[in-house]
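The values are calculated or read from the model by the stated rules, or taken from the named source; none is laboratory data. Since the model is a prediction, treat every value here as computed from it, not as a measurement. Heads up, the Cβs are rebuilt from the backbone with ideal geometry, glycines too, and the neighbour counts pull from every protein chain shown. Note: accessible area is taken over every heavy atom of the protein model, side chains too, but ligands, DNA and RNA are not part of it. Shrake-Rupley method; radii C 1.70, N 1.55, O 1.52, S 1.80 Å.
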Amino acid sequence: MNERSSNQSAATAPDEISLSCRGPLVMLFLHAAFWLVAASVLALVASLKFHSPAFLSGCAWLTYGRVHSAAVNAQLYGFAVQAGLGVALWIIAQTGRSPLPHPLGFIIGAAVWNLGVLSGIVAILAGQGTGYENLEFPFYSALLLFLGFLVVGSGALLAIHSRRERSLTPAHWFLIAALFWFPWILSGAYLLLTVWPVRGLMQSMVVWWFGGNLTFVWLSLVGLAALFHFIPQILGRPLHSRQMALFTFWTLLFFGSWTGIPSTAPVPAWIPALSAVMTLLTLVTLLSAWTNLRQTNSGGQPLPGNLAPLRFLLFGLGMFQLAGLMRIVLSLPVLGHITSFTWFAAAQIQLQSFGFFSMVMLGAVYFIFPRLMGTGLSCTKAPLRHFWLAAVGCLLVALPWALGGVAQGLKLADASIPFMVISHSTLSFLRVSSLGEVLILVCNLMFAMNLLMTTTRCASTFFLPAFLAITAQTPKAEVKP
Amino acid sequence: MNYGPLVFLTAFVALSASWFGFVLTPQIQIGRLTESTNTLNTAELYPKARPGQAAQGLQVYRANGCAACHTQQTVQEGTSIDVYLLEVGTNAAAVATALVNANVGFTRIDDPGFFLNLPKNILPGTTIEAAKRAFKGAQSAGAKAQIRINPQGPDIARHWGVRGSVAADYLFDQPVMLGSQRVGPDLSNVGARLPDVNWHLLHLYAPQQVVKGSLMPPHRFLFNVSKAGQHPSPDALQVPPEVAPAPGYEVVPKPEALALAAYLVSLNSSTPVFETPMTLASSATSTNSPAK
């Protein structure tokens, strides 16, 4: 791994490579931050409905089902994939030591992507969602997503192709796979759901296949790429084992892509059984990533000023393990039958998409942004505060859901307990989790404000002198009568 | 791995393998199902497409994200084989001896109460061999017995369905919304449980009035509250006074509400099919509680 960039202090002027990243990455990160805030607002609205079912129920646009899926999709496509792309571009440009080609192309791609997300979220709230989990965006929004990703992704591949540092790092493997993976699964799913629609339960099979490949494989590919890149860089030491990273990569691709079918699915029994075996095998992916990164981290000290990003990354690594283990529990025949259909599954998704992926991305963005802008963050103490708030918020959402989910599942398995009693027994857990949603909203706002203010400050250092020069009052003496 | 194309190839092979396994193979197995007589009652075609209004209601169900809180899949954990004694005949002592000799777990039957309260499940949750021996024994002694196969599981015990859901149940739905969370009850057979359209309309308008303590948000945007005028609408909903609009106004369901209610009433997958063997005679009300 090339370590030259790691010693670059946050305050020094960005080099040619970082400058080439500035436009595209600011575009991607600011929009990602916007969607992150939007997702947490929507999730909070959905959560508050458990305090009073009548809350905002008069408006069709704000009914629980629509707000809930809008929140999930804003988080996935608005934040996760977008921030993932930004971080991927940075890693590719930095490790390849070559500037991004055609920055304007990336900006156009990102604009198309965001148009797709915006139209999709509005469509869901307007009742035009497809009804498929994780694929609620209507076809036209998905088409925009696909095109946007194609533009950004092919630009990223061009950047990899034209790299000056020829050796590929582990992060590269994960990112190359991710750049192909997403358009494949997105087009595969939408072609089979809307263009040549499959019949009956095959729709659910396609949705599960896509869901497993997006929420587990794609998020893990990009999240692990960021972990494998930034943890060694922040600690200023090489990755513990390249071979082990290769093992993680292969097992993630070959086992992870066969997961995602719920144990309770009403399909021929071999399908959930095979999926359960493969999900169990992802344990080796979890363990190898954990061992590799723990060994890299143990005894290391972060380079000055990088404590907050490292905390984000390590927290994300921990949650990757926890979410992966919960996923295995959900897929197993006996345990899965108890925990499916409960809040335990929701907790798993929360840990996977927020606890692991978003936290890793937030850490990476906090690391990248000062180097990108050539100025410190607008608020330098904010990242650490953000970390503690986000960590507490994430656990405050996920733990009550997980515990409440197990209790709910055990009661659902006992037919003598009336359903209404079970529903009400989950309420206290859900109400605690609303507090976590509030915390997450606060830290997402902090994050978005920090990025926005840093960007405006950087922009003002460029434009303010020019602006002042233009608008400076000409001394009266020089004005000719 | 220092070559980009090699990474590409690995990813391509991995994803195509999973596509063949989880999309193509199931498509060959369950994607080409048709309406058939694959039912225990061979005179019946199953599945049937939903009637027009119910098919429109599916789209209302989709648009409002009802699947965020409701699943549509009854999970079956297994089957239970039971032997029911229907009539004891004239010689109770001979039946008792035959059952003991059938070697199905009875050492002696001398309690006369054993033959009371018929029909009764005398061998709950047994094996098919033991059930056959007990059945033959009872028949030979002049009693009438029946072997019943009952789907098992908490969902079925909750009367959310008489059997587990199978692929055929969803054949004509586009989209299929199985749901993944049970914030509310499972709806795969709600039409069999609650067949009254007006119940559903009132429940959509004011859930807490119909189901005490319900967590479901009211869906009033599916209804128009308008002045009753000279000719009140024949569709107007009879609402309880707690949620009634101002005097002179009526609550009229919009077409979406009527479609959604028609869809909910159409949700019924109780037709017995071969994938989930069950005895036809046993209705949803038959219990599997152990013999007293």
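State whether the residues of the range B:33-46 include one that is surrounded by 13 or more Cβ atoms within 10 Å (Cβ to Cβ), within 8 Å of chain A (Cβ to nearest Cβ) and within 27 Å of A:ALA273 (Cα to Cα). Yes, there is a match, as at least one residue in the range B:33-46 is surrounded by 13 or more Cβ atoms within 10 Å (Cβ to Cβ), within 8 Å of chain A (Cβ to nearest Cβ) and within 27 Å of A:ALA273 (Cα to Cα). For A:LEU246, the criteria (1) facing another protein chain (nearest Cβ under 9 Å); (2) open to solvent by less than 20 Å² (accessible area, probe 1.4 Å) hold in every case but one, which is (2).
Once the range B:195-214 is narrowed to residues that are within 14 Å of chain A (Cβ to nearest Cβ) and in contact (Cβ under 8 Å) with a residue 40 or more places away in the chain, the residue that is surrounded by the most Cβ atoms within 10 Å (Cβ to Cβ) is B:LEU204.
Please verify whether B:GLY89 is more than 19 Å from B:VAL162 (Cβ to Cβ) and more than 11 Å from chain A (Cβ to nearest Cβ), treating the condition exactly as stated. It is true that B:GLY89 is more than 19 Å from B:VAL162 (Cβ to Cβ) and more than 11 Å from chain A (Cβ to nearest Cβ). When B:ASN224 is tested against the conditions (1) closer than 30 Å to B:THR34 by Cβ; (2) out of contact with any His (no Cβ under 9 Å at 6 or more places or on another chain), the lone failure is (1).
Among the residues making up the range A:121-153, a single one is of a type in the set (Ser, Thr, Tyr), within 14 Å of another protein chain (Cβ to nearest Cβ) and under 21 Å from the mean Cα position of the chain (by Cα): A:TYR132. For the range A:345-353, the condition holds for at least one residue, the condition being that it is within 14 Å of chain B (Cβ to nearest Cβ), assigned to a helix (DSSP H, G or I), closer than 20 Å to B:ARG158 by Cβ and under 20 Å from the mean Cα position of the chain (by Cα). Of all residues in the range B:130-165, those being open to solvent by 40 Å² or more (accessible area, probe 1.4 Å) and not in a loop (DSSP other than H, G, I, E, B) number 12.
Kindly indicate which of B:ALA168, B:ALA246 is more than 10 Å from chain A (Cβ to nearest Cβ) and outside any strand (DSSP E or B). Every option except B:ALA246 fails the conditions. None of A:ILE271, A:ILE261 is within 14 Å of another protein chain (Cβ to nearest Cβ), open to solvent by less than 10 Å² (accessible area, probe 1.4 Å), under 30 Å from B:SER269 (Cβ atoms) and assigned to a loop (DSSP other than H, G, I, E, B) except A:ILE261. Pairs meeting the criteria (first residue in the range A:299-326 and on the phi > 0 side of the Ramachandran plot, second residue open to solvent by 10 Å² or more (accessible area, probe 1.4 Å), beta carbons under 7 Å, at least 6 apart or on different chains) are A:GLY305/A:ALA10.
Within the range B:20-30, not a single residue is farther than 30 Å from A:SER154 by Cα, more than 9 Å from chain A (Cβ to nearest Cβ), open to solvent by 50 Å² or more (accessible area, probe 1.4 Å) and within 23 Å of the chain's Cα centre (by Cα). Here is a check on your reading of the model: is A:GLU165 surrounded by fewer than 24 Cβ atoms within 10 Å (Cβ to Cβ), of a type in the set (Asp, Glu) and more than 7 Å from chain B (Cβ to nearest Cβ)? Yes; evaluated as a whole, the condition is true for this residue.
Within the range B:51-70, the only residue that satisfies the criterion of being in a loop (DSSP other than H, G, I, E, B) and farther than 22 Å from A:PRO138 by Cα is B:PRO51.
Among the candidates A:GLY300, A:GLY324, single out the residue that is open to solvent by less than 20 Å² (accessible area, probe 1.4 Å), away from every other protein chain (no Cβ under 14 Å) and outside any helix (DSSP H, G or I). It would help to see each step written out before you state the result.
Numbers: A:GLY324 fails: outside any helix (DSSP H, G or I).
After applying the criteria, what remains is A:GLY300.
Within the range A:274-297, the residues that satisfy the criterion of being in contact (Cβ under 8 Å) with a residue 40 or more places away in the chain and either small (Gly, Ala, Ser) or within 12 Å of chain B (Cβ to nearest Cβ) (or both) are A:SER275, A:ALA276, A:SER288, A:ALA289. Scan the range A:404-429 for residues that are more than 9 Å from every other protein chain (Cβ to nearest Cβ) and crowded, with 16+ Cβ neighbours inside 10 Å and the total you get is 7.
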